[in-house]
Amino acid sequence: MADGTKDAGSSNQMWGGRFASGPDAIMEEINASIGFDKKLYAQDIRGSIAHATMLAKQGIISSEDKDKIVEGLNTILSEIEAGRFEFSRKLEDIHMNIEARLATLIGPAAGRLHTARSRNDQVALDFRLWVKEELVKTDAALTDLITALLDKAEEHADTVMPGFTHLQTAQPVTFGHHCMAYVEMFGRDRSRVRHAIDHMDECPIGAAALAGTGFKIDRHMTAEALGFRSPTRNSIDTVSDRDFALEFLSVASICAVHLSRFAEEIVIWSTPQFGFIRLSDAFSTGSSIMPQKKNPDAAELVRAKTGRINGSLVALLTIMKGLPLAYSKDMQEDKEQVFDAAENLELAVAAMAGMVRDMTVRVDRMRAAAGSGFSTATDLADWLVREAGLPFRDAHHVTGRAVALAEQKGCDLADLSLEDLKSIHEAITEKVFDVLTVDASVASRTSFGGTAPSEVRKQIAWWRGRN
């Protein structure tokens, strides 16, 4: 049409219904981060109070302006926590939303707050504070999970069960020993958490946009006020660093893998075919059509959340892999990955601790399964080495023949007669039957870190002292 109406309509259609106003709407949508970075409000306000206090002490702003800024920031904190604060997408992020509200509350003094800093070092500070605080919570959650496992291990230090390799019966172990394997895993996770906290214990504020500042600021003062060991040492690295977020996601991913492995075993153990444990109703659901079902949904969801957490790590690694120094807007995409992973890890660890505490261990089913699959075959081989003086490879061959005979007769090794065993090797005596029971097998494994109940109790005591 001559008046251009058609062209205007076509233009709007190009942008799509959601972006009816054209490129400006798209830019606002892609640029705004307030939808997720508002989670950083407490860290942003805390950092700003420390920064204003330092500026006043250094004589860069007046004490009167500092007092107004601190009072205004505390008012904003109260408004946000009471749900009265109105976040605006047009103001892009948490920093500008707070700064705009501060200007409304206290007037021109608000403009002095941003002296000697940039949004680049400001967001680096806020995000680092948030991750550090989240890691402290993760440390506490892992400690609780380890405690639950120690309690279960102590209760079942003597409970025999089959140990597996390739998900095939290998040798008898105790359930307490099996629980302690996960204590070791989650203990390493907790160590990684603590190392990560130590690595990120440097304060970014004062690096400004990328080059530092000409104002005579005291970065050590703000670092101390915010609970950091020291300020960061290179302003370029400071604003472009997201290693602390990557390390959090790496720690979370490894921990999630451990949770997933345990969840998989819980799923297997709770099947009728295994029947090693029963989960409480609190961590199970029923079926909409099959009334007999009791599904281990909590364990399955813990297992599934590993995919989300691992995906967050891969996403942030990919975001960071090609960025030139220093800050790039790509780094705005770092937070959602970390927030999502943190939320899901916290939930998964809590769910696992609950399942461990609430599960009922079916000692009878574990014991019955412990002796299946000729699980004491290695004990027979070891006896032949110790008592008959055979080289281990010869003992291994003799034991293989004994297993084949037991399989042919449809019985366990302990059910073979002495005559049966002597027909395989004449050095075998009645004493061999002392090692062919599952209880004798686990009791004999007294090497450091072994499955013997006495050794399991030593490891439990060591971890209790450390936990």
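Observations on the structure shown:
- Residue list for the stretch 67-97, filter: in a helix (DSSP H, G or I), open to solvent by less than 50 Å² (accessible area, probe 1.4 Å) and either touching a helix residue (DSSP H, G or I) at 6+ places or on another chain (Cβ under 6 Å) or basic (Lys, Arg) (or both): Ile69, Val70, Gly72, Leu73, Ile76, Leu77, Ile80, Ile94, His95, Asn97
- Contacts under 7 angstrom Cβ, first residue in the stretch 310-326 being not assigned by the TED database to the domain that holds Asp241, partner surrounded by fewer than 19 Cβ atoms within 10 Å (Cβ to Cβ), 6 or more apart: none
- Test for Arg357: is it in contact with a strand residue (DSSP E or B) (Cβ under 9 Å, 6 or more places away or on another chain), in a helix (DSSP H, G or I) and open to solvent by 40 Å² or more (accessible area, probe 1.4 Å): no
- Close pairs (6 angstrom Cβ cut-off, 6 or more residues apart or separate chains): open to solvent by 50 Å² or more (accessible area, probe 1.4 Å) in the stretch 100-120, in a loop (DSSP other than H, G, I, E, B) and modelled with pLDDT of 95 or more anywhere: Arg112/Ile61
- Just one of the listed residues (Asp126, Asp139, Asp144) is open to solvent by less than 10 Å² (accessible area, probe 1.4 Å), among the charged types (D, E, K, R) and assigned by the TED database to the domain that holds Pro231, namely Asp126.
- Restricting Arg192, Arg112, Arg188 to those that are among the basic types (Lys, Arg) and within 24 Å of Lys335 (Cα to Cα) reduces the list to Arg192.
- Where a residue in the stretch 269-280 is on the phi > 0 side of the Ramachandran plot and in the same structural domain as Ala298 (by the TED database) and its partner, wherever it lies, is charged (D, E, K, R) and in a loop (DSSP other than H, G, I, E, B), with Cβ under 8 Å and at least six apart: Gly275/Arg362
- Index of the failed condition, Phe19 passing every other in (1) exposed (fewer than 14 other Cβ atoms within 10 Å of the Cβ); (2) on the phi < 0 side of the Ramachandran plot; (3) at pLDDT below 75: (1)
- When Ile205, Ile217 are screened for being open to solvent by 10 Å² or more (accessible area, probe 1.4 Å), at pLDDT 95 or above, within 26 Å of Ile49 (Cα to Cα) and among the β-branched types (Val, Ile, Thr), only Ile217 passes.
The values are calculated or read from the model by the stated rules, or taken from the named source; none is laboratory data. The structure displayed is predicted, hence computed values, not measured ones. Methodologically, a virtual Cβ is constructed for each residue, glycine included, from the backbone with ideal geometry; neighbour enumeration extends over all protein chains shown. Remember, those area values only see protein heavy atoms, side chains included, never the ligands or the DNA or RNA. Shrake-Rupley method; radii C 1.70, N 1.55, O 1.52, S 1.80 Å.
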